[in-house]
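Presented below is the structure to which this report refers.
What follows draws every value from the coordinates through simple rules; no lab data is involved. Being a predicted model, the structure only gives us computed values, none of them experimental. Positions of Cβ are backbone-derived with ideal geometry, glycine not excepted, and every protein chain shown enters the neighbour counts.
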Amino acid sequence: LHGLFTQERFLSLTRNFVNFPPPKPGERLSGKRIAKPHQYFAVNKAVDAVVEAARTNGQAGVVWHTQGAGKSEEMVETAAVVLRHPALNNPTIVVITDRNDLDDQLYDTFLDSESLLGAKAHQIDTREELRTELTRRNVGGIVFTTLQKFGLSKEEKDAGKSHPLLSERRNILVIVDEAHRSHYDSLDGYARHLRDALPYATLLAFTGTPISKAEADTRAVFGDYIDIYDLKRAVDDGATVRVFHEPRVIKVDLPKGVDPNTLDEQANTLTEGMDDAERRRAIQYATTMNTIYGSEDRIAKLADDLIAHWEQRRELVKPDIGAPGKAMIVCATREICVRVFDALAERRPGWVNDEVDKGIMKIVFHGDRSDPEHMRKHSLRKSQQKVVQKRAKDPDDELELLIVHSMLLTGYDAPPIHTLYMDRPMQGANLMQALARVNRRFRGKQDGLLVGYAPLTDKLTKALREYSDQDRKDQTLGADIERAVTEVKNELATIKGLLAGSHWKEWLADTSRPDTRKRSLRLTADFLRDPKNPGNQVEPPAKPLSVRFKDSAARLDRFYRVCAMSKEIAERCEDLDDWRRDISFFSEVRAWMIKLDAAQREASGEPLSAEVQRYLQALAASVVDADEITDLYAEAGIGRLDITRLNEAQLRKLENSETPHLV
């Protein structure tokens with residue numbers, strides 16, 4: 001607070017870092033977005049770098065803020081400050097992405113920020129329009145375009161010409177999104193075209209993944225890092241969640257002479273802008289991948305495993321987010337997207353609906369006029385794609401599974417997505433960007449999960465080498481599922497230690513009573529809540545036994561949700577059935593404790609946190625689904641009482657009940 005309320009910083013925050021996007025359709029009030037500390041400081045550093053670069057060599061530098069940390073908002077805030085900066089004399093801002101879908105997503109963010117920017121962004125549709133706009137514009141404005149529109153025409157290429165000069169103004173700022181791609185090589189790539197078109201413009205790059213050592217040309221174009229906000233810092237700050245990697249590789253048989261590393265390289269570049277030669281190579285790649293990854297037997301195995309995995313996974317996350325959440329299935333080609341869809345539909349016909357705003361699963365990919373009919377029926381118009389994308393962001397919409405090839409893997413932000421099924425070879429920055437689709441914070445979401453049907457372990461290890469020392473050690477993205485199994489084992493041991501003074505095992509093993517499980521829950525919760533229990537007779541800041549149990553049981557639930565379906569947990573636990581029985585029991589005890597605490601808080605007029613309310617709603621929903629209503633009086637072993645007419649005899653009866661501390 002002392003840092004925020006210095007006069008200069010507070011005025012700067014309220015003027016440049018508070019964004020009021022317009023109301024969403026159907027809503028009356030606008031939203032409000034305020035910069036987080038890492039955004040505030042990064043933007044100010046970026047603006048200072050832009051002012052200095054405009055005066056000197058035009059290289060402002062690179063802002064590396066990990067995916068999910070609010071990079072798009074930082075670009076808006078940077079533009080807002082730059083547009084008003086007196087040293088830049090009403091500059092023109094050119095925002096560049098390297099794909100049309102990214103251009104649309106970022107453009108929509110800028111459109112929603114018109115009140116902060118003080119100007120409306122203009123999206124360029126063609127190469128000719130871009131050249132005309134930048135040639136004629138003398139001052140101000142925000143122009144959106146893709147990298148490919150800085151390319152040369154066929155005639156210019158054939159004639160060996162350079163890109164024409166568009167403007168010699170110094171107060172043009174080019175903001176580039178995701179500047180790590182090979183397009184930016186300085187010899188004959190788009191960086192050369194940019195410099196030929198705008199020789200005195202200032203270049204500023206934002207990226208969610210680090211510039212690799214192999215991409216030295218990118219550094220030569222933009223300059224060094226301005227600010228770094230790495231994976232570990234983002235998780236520690238609560239900006240993102242950790243993502244675990246669960247390998248469930250379905251073997252592929254490579255044809256003779258096919259190099260898997262070559263396939264990985266082709267897969268990595270398939271999403272980028274292609275000329276005719278590149279398109280021919282892409283078609284060849286797709287044909288190979290359809291044979292290798294899209295065989296009928298392999299698709300059948302994938303569909304069976306994915307259905308079993310997802311139907312358990314969505315139930316496990318319900319208590320955290322109050323809904324099943326969403327998953328994304330990434331396939332090696334568009335053809336395989338359709339094959340996977342058909343295989344899932346055959347096994348779960350109820351998941352399918354031809355209406356774009358209905359159905360549990362949808363394919364999202366770019367269509368082509370030459371596509372066969374079975375693919376064309378899944379090719380959605382731009383407006384329809386937006387409907388599906390919006391549905392994926394709504395936790396209450398029935399849509400659960402998005403099947404994609406390359407769309408939505410970069411820049412798309414749908415926080416309810418918590419699981420990524422990857423059946424496509426990927427590596428480097430593309431892999432890490434795709435992985436970040438599941439690292440967004442959402443309600444009580446604890447972790448994201450990458451399920452690797454394609455072999456990804458070595459690629460993840462290699463990709464992390466470009467990250468900070470902390471990130472490599474912590475493995476915030478792509479953490480081995482073994483770590484979750486280890487955490488489960490540790491928490492189980494901790495909880496059993498906390499319950500050492502009780503007889504929970506004997507209570508559970510008593511089969512002489514019809515209500516054995518409920519009685520065991522009551523007695524265990526009563527043991528934990530007993531104020532005479534030495535574990536509860538502690539002085540602050542030490543935590544009482546009841547709190548320590550709930551904390552440990554919450555961690556147990558968290559890590560078990562991640563690894564419950566993994567092969568690793570089965571391999572490491574010979575007594576897995578006993579594990580699952582104990583985990584289920586401890587989870588139920590925790591639920592009991594939370595319900596009892598909530599009832600106590602409500603009785604004393606204290607509010608419940610949003611997280612507890614979601615958890616209780618999820619529990620209530622599961623109980624209602626089972627046609628069962630929980631009565632806390634009955635669960636505590638007593639009949640319903642009129643508490644306004646309690647007498648001494650009734651109070652003594654309650655005190656002498658089997659679970660007096662619950663009562």
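Karplus-based coupling profile of the range 584-598, in residue order and whole Hz: 4, 5, 5, 5, 5, 4, 4, 4, 4, 4, 5, 5, 5, 4, 5, with θ = phi - 60° in 6.51 cos²θ - 1.76 cosθ + 1.60 and x standing for Gly or Pro.
Sparsely packed loop sites in the range 509-594 (the GluC sites (Glu not before Pro) outside DSSP H, G, I, E and B with at most 14 other Cβ atoms within 10 Å) comprise Glu574.
Using θ = phi - 60° in the Karplus curve 6.51 cos²θ - 1.76 cosθ + 1.60, the 3J(HN,Hα) couplings for the range 394-401 round to 9, x, 8, 6, 5, 4, 10, 10 Hz; x is entered for Gly and Pro.
Cα centroids of the range 1-54 and the range 380-449: 27 Å apart.
Here's how it looks for Ile226: its modeled amide H is under 5 Å from those of Val62, Val63, Trp64, which are all 5 or more places away or on a different chain. Backbone amide hydrogens, once placed in the peptide plane, bring Gly140 within less than 5 Å of Thr92, excluding anything fewer than 5 places away on its chain. Of the trypsin sites (Lys or Arg not before Pro) in the range 14-100, the ones in a loop by DSSP (not H, G, I, E or B) with at most 13 other beta carbons within 10 Å are Arg28, Lys32.
Overall, the anisotropy analysis places the range 7-229 in the prolate class: the square-rooted eigenvalues a ≥ b ≥ c of its C-alpha gyration tensor yield a/c not less than 1.5, with a/b exceeding b/c. Under the combined filter of DSSP loop state and at most 15 neighbouring Cβ atoms within 10 Å, the range 1-88 retains these GluC sites (Glu not before Pro): Glu27.
Scanning residues 5 or more positions from Ile417 or on other chains, those with amide H under 5 Å from its amide H are Lys326, with H placed 1.01 Å from N in the peptide plane.
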